[in-house]
1. Could you give me the percent of Cα pairs per 5 Å distance bin for the range 391-459, shortest bin first, beginning at zero and ending with the bin that holds the maximum distance?
2. Report the semi-axes of the equivalent ellipsoid for the range 283-343 in whole Å, largest first, where each axis is √(5λ) for an eigenvalue λ of the Cα gyration tensor.
3. Take every Cα pair under 8 Å in the range 244-309 that's 6+ residues apart, average their separations, divide by the length, and report that relative contact order as a whole percent.
4. Leaving out ligands and nucleic acids, and using a 1.4 Å probe, what accessible area per residue does the range 157-228 come to in Å²?
5. Output the pairs from Lys386/Lys449; Lys367/Lys449; Lys386/Lys412 with a Cα-Cα distance over 22 Å in this structure; if there are none, say none.
6. Peptides 135-142, 181-188: what's the order by average Cβ count within 10 Å, highest mean first?
7. Let me understand the range 357-412 better: what is its radius of gyration from the alpha carbons, and its Dmax, in angstrom?
8. Could you compute how fast the range 83-129 diffuses translationally, taking Rh as the Kirkwood radius over C-alpha pairs and applying Stokes-Einstein at 25 °C with viscosity 0.890 mPa s? Give it in µm² per second.
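The values are calculated or read from the model by the stated rules, or taken from the named source; none is laboratory data. This is a predicted model, so every value here is computed, not measured. Here the Cβ positions follow ideal geometry from the backbone for every residue, glycine too, while neighbour counts run over all protein chains shown. For accessibility, only protein heavy atoms count, side chains too; no ligands or nucleic acids. Shrake-Rupley method; radii C 1.70, N 1.55, O 1.52, S 1.80 Å.
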Amino acid sequence: MNRRKRSPRGDSSSGKSVGTAQQYLAGRDGDCPRTPEPAPAPSTRGETPPSGNTGDTGKKSALTTPGPAQPTSQRTTFRKAHSLIDKVYSRKNLYQAWRKVRKNKGAHGLDRVTIRMFEADLENNLRALQRQLRERRYEPIPTRRVYIPKGPDSKTRRPISIPTVADRVVQQALYLVLNPIFEADFSDRSYGARPGRRAHHAIETIIQDQKDGFHYVVDADIKSFFDCIDHQVAMSLIRQKVADGRVLDLLEAFLKAGISEAGTIHIPTEGAPQGGVISPLVSNIVLNQLDKALEAKGWRFVRYVDDFVVLTRSEEEAAQALAYVKDVLQGLNLTLNEEKTRISTFRSGFDFLGFRLQARTVGVRSKSLDRLKDKIRYLTRRQQGKNVEAILEKLNPVIRGWARYFGWGNVKRLFWRLDQWTRSRIRSFKFKRRCRNDNYRIPNRRIEKWGLLSLQQCRPNERFAAGGA
């Protein structure tokens with residue numbers, strides 16, 4: 001896994017093509033992790049992890065809505081952090097980073113080394129990463145660009161950059177060291193990509209703000225946020241707390257890592273790759289400036305990574321907040337999407353994090369519902385050479401995950417209708433047709449015996465405090 005010395009910083013500022021992916025990888029002899037093919041991949045269950053707690057806790061915190069955000073002046077200030085690189089490449093930190101990468105799974109990168117292949121020679125691969133980081137010879141490999149559907153409309157696709165497994169391990173090691181440094185300064189009303197916080201906490205905070213009399217909402221959307229993050233702005237904010245030059249250079253190298261698309265590698269001049277482990281932390285560091293600005297004005301807001309809303313008591317105040325948000329984002333070299341940004345109220349309703357929030361109910365956004373139906377239609381299509389058991393093996397995780405996320409809202413009737421519709425899809429798959437008489441030929445009890453889960457069965461006991469069922 002020897003890597004060439006990273007090119008000077010000036011070379012990475014170009015946005016031009018630097019050649020094909022084959023030419024790039026051909027010049028990196030020995031860079032790929034060792035993957036012995038004759039021997040089977042050894043299990044890591046028998047490994048003795050380093051001393052200390054390196055495992056994932058995996059515990060879900062109880063849903064407790066954080067209190068009002070503290071003024072910036074009352075927060076504890078920290079000095080710059082020095083000598084962090086040794087903590088990044090420590091054996092314990094690399095092993096913990098690997099365990100998190102393995103837990104998150106994911107596809108292979110440009111070098112085509114999968115997680116299983118990396119794990120086949122885990123000790124040597126981690127030792128090689130440690131040696132390269134210590135000797136300043138580590139260089140990120142360009143990410144592999146793929147496109148995934150952004151919504152029910154298949155014509156709209158979102159670009160995702162997939163790093164190699166080795167790069168994901170190093171990014172995770174960086175995250176484990178840097179996140180505690182910045183976490184203490186983040187706003188209490190920021191919920192995305194933060195430990196112990198999730199989307200349901202954000203929705204609960206919005207519901208409480210409505211009860212406190214904040215009925216007007218600035219529903220904002222940042223235009224192509226991850227593609228437009230200014231590298232100089234991000235690095236200047238990181239340098240305010242981090243003084244280790246080697247860590248800064250490593251982080252900047254990940255931001256400016258090449259992108260392989262259609263066999264050609266390009267060097268980005270802005271943006272953070274969606275799919276990178278370190279990108280959510282960089283986004284929170286940048287948008288924390290917006291959080292501080294809104295806190296200084298005394299406005300209530302809720303932010304989840306790049307999705308946020310500002311809540312006010314009057315329409316005039318909402319207009320002022322919208323103008324102020326534009327000015328703050330302009331200072332960060334970001335802009336709002338004018339087509340998706342608007343001022344709304346709880347009476348008319350607005351969408352946030354897949355939910356539809358209204359005065360007394362929390363429902364499901366129509367696009368989220370369309371995505372679920374499209375997924376079920378695809379999994380239960382009739383032109384498949386599979387039996388029902390194979391179909392349910394793929395379908396049940398989708399039903400379980402969707403119910404656990406949206407089951408917090410007022411969705412009792414919706415879940416009942418969706419369960420009925422899903423069972424009809426199974427019957428149509430079984431008989432290769434659609435007929436109402438099939439409901440009598442295959443009753444619900446038989447489908448349950450086959451193993452089909454229902455949304456109502458998987459719905460959690462927790463509910464939003466908005467009333468309703």
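1. 3, 17, 28, 24, 16, 9, 3, 0
2. Numbers: eigenvalues 58, 37, 24 Å².
Value: 17, 14, 11 Å, ordered largest first.
3. Numbers: 35 pairs, mean separation 11.6, N = 66.
Reported relative contact order: 18 percent.
4. Details: 2060 Å² over 72 residues.
On a per-residue basis, 29 Å².
5. Working: Lys386/Lys449 18 Å; Lys367/Lys449 31 Å; Lys386/Lys412 32 Å.
Correct reply: Lys367/Lys449; Lys386/Lys412.
6. On the way: 135-142: 18.9, 181-188: 16.9.
Those peptides, ordered most packed to least, come out 135-142, 181-188.
7. 13.9, 47
8. Values: Rh = 11.5 Å.
Here the translational diffusion coefficient equals 213 µm²/s.
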